[in-house]
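Since the structure comes first, as structure tokens, the remarks are kept for the end.
Just so it is clear, none of the values below were taken in a lab; they were calculated from the coordinates. On a predicted model such as this, the values are computed, not experimentally measured, just so you know. No Cβ is skipped: glycine too gets one built from the backbone with ideal geometry, and neighbour counts run over all protein chains shown.
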Amino acid sequence: MAVSNYMSGIFGNSPVKPMQVHMEKVHDCVSLLIPFFEAVVAEDWGKVEKNQQKISTLENEADTLKKELRLNLPKGLFMQVSRSDLLEILTIQDSVANKAKDVAGLILGRKMVLPKAIANDYQKLVQRCVDASDQAKVTINELDELVETGFRGSEVKLVQKMIKKLDKIEADTDKIQRKIRSKLFEIETDMPPLEVMFLYKVIESTGDVADQAQRVGSRLQLLLAR
Amino acid sequence: MNIIIENASLFLILAGFFGLFMAWGIGANDVANAMATSVGSKALTIKHAIIIAAVFEFSGAVLAGGEVTKTIRKGIIDAGGLAATPELLVYGMLAALLAAGCWLLIASSKGWPVSTTHSIIGAIVGFAIVGIGMHAVNWGKVGFIVASWVVSPLLAGVVAFSIFRSVQKLILDTENPFENAKKYVPIYIFMAGFMISLVTLVKGLKHVGLETTTMENYSYAVVVGLIIMAIGKYFINRIQFDQSLNKDFHYASVEKVFGVLMIVTACAMAFAHGSNDVANAVGPVAAVVSIVHNDGAIGQKSVLPIWVLLIGGAGIVIGLMMYGHKVMATVGRKITELTPSRGFAAELAAATTVVMASGTGLPISTTHTLVGAVLGVGMARGMAALNLTVIRNIFMSWIITLPAGGILAIIFFFTLKGIFG
């Protein structure tokens, strides 16, 4: 008798779990920035390259997940969050990993050395960026609970608190960035100009990781505001 | 008239056999739809689901199926003009049974979403138009039935929406969902128990030979509801708040409380399904039996013999045992989206609608009603994703099922007529 059945067909593939899996992958990728920068500070280029490759692999995997999820969200799907909102959040999630890959690629490509004066602060910045992506992951992990409660009530408050914390972490990274820039400014005349230019660029790119992570939260907030 | 008296036992055997065949088809496939939501939400294992289905489908058919059987037996065809040729009605009913059974078998093996109700109505109307004439069909009644097919999913959707919103408001959206679940879930259990027992008392027990007054009905229903609630409460109180479960999904413990409720609504669903869909299978059997017993006189008042309902119940159970578990396993594995809190809302709404329809004698589609209820939960923002294309196909399919059942019935009707002369 029947093997295929229509009752099971009416339930579309829920996008929630894949969204969370994707964010997890993104965070795995971003958190590799910590060992990566440890190796950069130690100027162990073999290790730097190995970590860069790992970051690149994870970013590719996240890309694949993103594509799969996009293909599994046909227009005939009836969801309580709009399809375009979900896809936008997904794109932003993905860009967090992209930024991490950019930073790693730039540093390895130019074999950039961090000046001693900023190395310590830089590692703090990287740590905070990873924190931001971690907080974004924790927030996205609440998506299934949000679905359960129909995006209402105490769960919304909880998620809003998480988003606030994410904003705070991002503000932290801005502060650290300013500190690094002013320190770099003091020593920039003693350094090769090209090197300095790229250092400024890489600082900005690193900050972008936290910026994008924050955007994941802000976009989610738009879903909650009705 | 002679034809009927000559072939009395042959007609009875054929009717019984075809009825069993159709009930078997329902048990093998249709029941799985009604029960798969419970299996998918992991509130029940497949083995338990089969046992519950067998017991409650059977009791639903026997206790509350009488009204729908009556509608199928004599509500659709206006038998007034058939007094001289009652054998036509016998051929027709046999043909309708065979047609609906075959159509179910074909559709199920292809995975088409068809409704048992729609196929049997289509078959009966089909043979009546061609075999007897347009005037033979009680169009008022048929129009009413078709209207109920549109209304029942809508009604179930609205009820499911309200139930799920109340669950969100009272339990899920609160600071302490676990405590609130323990507090409010027994009330839902009471509602389910009360509703099912009330319909059974009002509509069902007459067939078993018990007469009760309205007041008695309500008080008995309250008592039954309270008993079921007490049993449910006992099991709920044994559930511990499991901290380790809550790491990934905050509502894991809450859902366990709903799991108890889901078992009750699964019983309700099986009961409702039995009361409506089984009646579809045995309605034509009952018609044949009534004609044969009265030696060809149509429209005689006759009690529905209990063995006719028993055939329906038995057919379902056999179908379930042979194929139902496989279907249930496949469907259940795929429906992971229905957590107990959502599944119960859909099941309770669908069961309520179907049982009420059964009580008023309206044959409606359980599957369509359940789909309507699931949509209702989705509307309450309680479902992550629903596939609208599939839902559209399900509702489209009943338009195709009507002529399909009709044409098959016409073929079988003339075959039978040819054989018996």
Worksheet, complete the sentence: Residues whose built amide H sits under 5 Å from the amide H of B:ASN387, excluding neighbours closer than 5 in sequence, are A:PHE11, A:GLY12, A:PHE78
Discussion item. Please list, short to long, the whole-number percent of alpha-carbon pairs of the protein assembly as shown in consecutive 20 angstrom bins beginning at zero.
Written reply: 18, 39, 24, 13, 5, 1
Worksheet item: Can you pull the three principal axis extents for the Cα set of the stretch A:14-224, in Å, largest first?
Response: 60, 31, 22
Response to the item:
The farthest towards the positive end of the charge dipole of the stretch B:2-420, of the residues B:SER219, B:GLY143, B:ILE13, given +1 on Cβ of Lys and Arg and -1 on Cβ of Asp and Glu, is B:SER219
Discussion item. Calculate the FRET efficiency for A:LYS50 and B:LYS47 from the Cβ-Cβ distance with a Förster distance of 35 Å, rounded to the nearest 0.05.
Written reply: 0.10
Item to complete: Subtracting the Cα-Cα distance from 0.36 nm times the residue separation, let me have the gained length for B:PHE241 to B:VAL223 in nm, one decimal.
Response: 3.5 nm
Discussion item. Counting only helical runs of four or more DSSP H residues, what would the 222 nm mean residue ellipticity of chain B come to if each run contributes -39,500 (n - 2.57) and the total is spread over all its residues?
Written reply: -24000 deg cm²/dmol
Worksheet, complete the sentence: Calculated from DSSP helices alone, with each H run of at least 4 adding -39500 (n - 2.57) and the total divided by the residues of chain A, [θ]222 nm to the nearest 500 comes to -28000 deg cm²/dmol
Worksheet item: Which number do you get for Rg(Cα) / (2.2 N^0.38 Å) in the stretch A:6-120?
Response: 1.37
Practice prompt. Run a plain Debye calculation on the stretch B:2-420 (Cα atoms as equal point scatterers, no solvent) and give log10 I(q)/I(0) at q = 0.08, 0.09, 0.10 Å⁻¹, rounded to two decimals, same order as the q list.
Written response: -0.42, -0.53, -0.64
Worksheet item: Across peptide A:141-149, how many C-beta atoms of other chains are within 10 Å of each residue C-beta, on average?
Response: 6
Worksheet item: So, in Å, what gap is there between the alpha-carbon centers of the stretch A:93-166 and the stretch B:374-421?
Response: 51
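Please average, across the residues of A:77-86, the number of beta carbons from any other chain that are within 10 Å of each residue's own beta carbon, and give a whole number. Each step should come with its number before you reach the end.
Numbers: counts 6, 10, 6, 9, 3, 0, 1, 0, 0, 1.
For this peptide, the per-residue mean of nearby foreign Cβ atoms is 4.
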Discussion item. Apply the Karplus curve 6.51 cos²θ - 1.76 cosθ + 1.60, θ = phi - 60°, to the phi angles in the stretch B:10-17 and return the couplings in whole Hz, x for Gly and Pro.
Written reply: 5, 4, 4, 5, 4, 4, x, 5
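Among A:163-170, B:85-92, how do they line up from the highest to the lowest mean number of other beta-carbon atoms within 10 Å?
Ranking the peptides A:163-170, B:85-92 by packing returns B:85-92, A:163-170.
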Discussion item. Give the average, rounded to an integer, of partner chain Cβ atoms located within 10 angstrom of each Cβ in B:165-172.
Written reply: 3
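Please work out how much length the chain gains when fully extended from B:LEU12 to B:TRP139, using 0.36 nm per residue of separation minus the C-alpha to C-alpha distance, in nm with one decimal. Intermediate values should be presented prior to the final figure.
Working: separation 127, 0.36 × 127 = 45.72 nm, distance 2.84 nm.
Extending this stretch completely gives an extra 42.9 nm.
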Worksheet entry | Under-5 Å amide H pairs with B:ILE77, H placed in peptide plane, nonlocal only | B:ASN138
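Between A:ARG83 and B:LEU310, what FRET efficiency follows from the Cβ-Cβ distance if R0 is 60 Å, with the result rounded to 0.05?
Values: r = 51 Å, r/R0 = 0.85.
With a Förster radius of 60 Å, E is 0.75.
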Worksheet item: On alpha-carbon atoms, Rg over Rh for the stretch B:255-394 using Kirkwood Rh?
Response: 1.06
Fill in: Net charge of neighbours whose Cβ lies under 14 Å from the Cβ of B:THR116, counting Lys and Arg as +1 and Asp and Glu as -1
-3
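Which of the peptides A:71-82, B:391-402 is most tightly packed, and how do the rest follow, judged by the mean count of other Cβ atoms within 10 Å per residue? Could you put the intermediate results ahead of the total?
Details: A:71-82: 14.8, B:391-402: 17.6.
Highest mean packing first, the order is B:391-402, A:71-82.
Sort the stretch B:88-155 into rounded, prolate or oblate with this rule: let a ≥ b ≥ c be the square roots of the eigenvalues of the Cα gyration tensor; rounded if a/c is under 1.5, and if a/c is not under 1.5, prolate when a/b is larger than b/c, oblate otherwise. Can you show the working numbers first?
Details: a/c = 3.01, a/b = 1.11, b/c = 2.73.
Oblate, because a/c is 1.5 or more while a/b does not exceed b/c.
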Fill in: Size of electric dipole in the protein assembly as shown: Cβ of Lys, Arg +1 and of Asp, Glu -1, about Cα centre, debye, nearest 20
380
Worksheet item: Cα-Cα over 20 Å: which of A:LYS17/B:LYS42; A:LYS25/A:LYS66; A:LYS137/A:LYS157; A:LYS17/A:LYS137; B:LYS233/B:LYS256; A:LYS25/A:LYS175?
Response: A:LYS25/A:LYS175
Worksheet entry | Relative packing of A:201-208, B:122-129, which averages over residues the other C-beta atoms within 10 Å, highest first | B:122-129, A:201-208
Discussion item. Can you tell me, using C-alpha contacts under 8 Å and at least 6 residues apart, the relative contact order of chain B as a whole percent?
Written reply: 41
Worksheet item: Once you put a point 7 Å from the Cα of B:THR213 and another 7 Å from the Cα of A:ALA117, both along the Cβ direction, what distance in nm separates them?
Response: 10.0
Worksheet entry | For the stretch B:31-48, Karplus couplings with θ = phi - 60° (6.51, -1.76, 1.60), whole Hz, Gly/Pro x | 4, 4, 5, 5, 9, 5, 4, 6, 5, x, 7, 6, 6, 10, 7, 4, 4, 5
